[in-house]
Amino acid sequence: MKLVFAGTPEVAVPALDALLASGRHEVAAVVTRPDAPAGRGRRLVSSPVAQRAEEAGIEVLKPARPRDEDFLARLREIAPDCCPVVAYGALLPKVALDIPTRGWVNLHFSLLPSWRGAAPVQHSLMAGDQVTGASTFLIEEGLDSGPVYGVVTEDIRPTDTSGDLLTRLAFAGAGLLAATMDGIEDGALQAVPQPVEGITLAPKIQVEDAHVDFAAPALRVDRVVRGCTPAPGAWTVFRGERLKLIQVTPLPDRTDLAPGELVVGKNNVYAGTGSYGVELLWVQPQGKKPMKAADWARGVRIAPGERLGA
């Protein structure tokens, strides 16, 4: 088939690579979000998908909006059979959805109908799921509601962050998307409607969602930290300033600390929660680089009775 691939961040690059490597389909062009400011100089930088496409000598389309007429006209000229999508980052209007003869097929990082929306991996971790995966489905106008072509599953490990899990799903999902393209061309795959039961939503994680409440149980504290790492970053407050929490470990045997209470050992920092304690392993003070929690504690000289979140 002739394909136009749509994607933007680094997590979409493995899928583009898989389609390029398959040799079975022609990736005629790539659609990605416009260049965005990055770094201290805030200079405009093209997306990871755009950079990979340029390396491969593929035409790159960067519409400000996917309903822009110039973009739609060029898409009609290319006349793709199918448009595979991974984390493109913009809603596709019906006029665009109708152009490829076999539609737009999205790789979504959850087992649909669970976790429809922008942040499925983060929500899955924060909810304490033990298994997740990726799904390919035919895009329709609803939110991640189209019929499903295929799935792969992935166990969630006890120390997984959203970054860890998303990296594994990006590579597993890349193979799934390539196989889905093959199955669509062969006529061997038929999209199956999603069940109406079990629908959960995964909206974008806001800064307030990443606020760690130390009155919550330790498992909840751990899940929020892992789910929000690396982005947007779990955080609490210490001495009136924001402190980012990068890694913690629940300690079921440590039951002597009040919620948020800090105790510093020789090389350890402990905090109480609503159930039992956690050990702080890595933190990032406001305006500074990530550091070991023990180094941070020595620097700020925590006094007896001081708490996080106060």
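Among the residues of region 210-230, are any over 23 Å from Trp296 (Cβ atoms), acidic (Asp, Glu) and either outside any helix (DSSP H, G or I) or touching a Gly at 6+ places or on another chain (Cβ under 8 Å) (or both)? Looking through region 210-230, none of the residues is over 23 Å from Trp296 (Cβ atoms), acidic (Asp, Glu) and either outside any helix (DSSP H, G or I) or touching a Gly at 6+ places or on another chain (Cβ under 8 Å) (or both). On the stretch given as region 273-292, residues that are touching a residue at least 40 places away in the same chain (Cβ under 8 Å), assigned to a strand (DSSP E or B) and closer than 15 Å to Val225 by Cβ total 4.
Could we say that Pro66 is assigned to a loop (DSSP other than H, G, I, E, B), under 25 Å from the mean Cα position of the chain (by Cα) and touching a residue at least 12 places away in the same chain (Cβ under 8 Å) here? So Pro66 fits the description; yes.
Could you tell me whether any residue of region 23-32 is under 23 Å from Gly163 (Cβ atoms), acidic (Asp, Glu) and either loosely packed, with under 14 Cβ neighbours inside 10 Å or touching a residue at least 24 places away in the same chain (Cβ under 8 Å) (or both)? So far as region 23-32 goes, no, none of its residues is under 23 Å from Gly163 (Cβ atoms), acidic (Asp, Glu) and either loosely packed, with under 14 Cβ neighbours inside 10 Å or touching a residue at least 24 places away in the same chain (Cβ under 8 Å) (or both). Scanning region 234-266 for residues that are surrounded by fewer than 17 Cβ atoms within 10 Å (Cβ to Cβ), touching a residue at least 40 places away in the same chain (Cβ under 8 Å), within 29 Å of Pro120 (Cβ to Cβ) and in contact with a strand residue (DSSP E or B) (Cβ under 6 Å, 6 or more places away or on another chain) gives a single hit, Arg242. The set of residues from region 150-179 being of a type outside the set (Ser, Thr, Tyr), open to solvent by 20 Å² or more (accessible area, probe 1.4 Å), under 17 Å from Gln247 (Cβ atoms) and not in a helix (DSSP H, G or I) comprises Ile156, Arg157, Pro158. In the set Asp81, Asp129, Asp70, only one residue is of a type outside the set (Ser, Thr, Tyr) and within 17 Å of Tyr149 (Cα to Cα); that residue is Asp81.
The values are calculated or read from the model by the stated rules, or taken from the named source; none is laboratory data. Here the structure is a predicted model, which means the values were calculated and not measured. All Cβ positions, glycine included, derive from the backbone under ideal geometry; neighbour counts span all protein chains shown. Calculation scope for accessible area: heavy atoms of the full protein, side chains included, ligands and nucleic acids excluded. Shrake-Rupley method; radii C 1.70, N 1.55, O 1.52, S 1.80 Å.
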